[in-house]
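Heads up, the thing below is written out as structure tokens.
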Amino acid sequence: GFIEAFANLYRNFALTLRGDRASFAADYPTVQDGARGVHFIERALASHAERAWVDASYTPPGEAS
């Protein structure tokens, strides 16, 4: 099932790019999802380096803080 799950993600992404799934909600990770994940990892590393809890709240670029 693991390989098929990725195949479905890639297929749905390709269909969206072609315009075949324009009316469906995206069911694959977005750039924003990736940015949120990277932010989480960076904050986890900072927490480890400081040996303390750090603020991990995330505001996407371009949005008011």
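The values are calculated or read from the model by the stated rules, or taken from the named source; none is laboratory data. All values derive from a computational prediction rather than experimental measurement. Here the Cβ is made from the backbone with ideal geometry for all residues, glycine too, and neighbour counts use every protein chain on show.
Taking first residues from region 44-59 that are over 17 Å from residue 34 (Cα atoms) and partners that are of a type in the set (Ser, Thr, Tyr) and assigned to a helix (DSSP H, G or I), the Cβ contacts under 9 Å between residues at least 6 apart in sequence or on separate chains come to 53/47; 54/47.
On the given criteria, is residue 52 modelled with pLDDT under 85 and of a type in the set (A, V, I, L, M, F, W, C)?
No.
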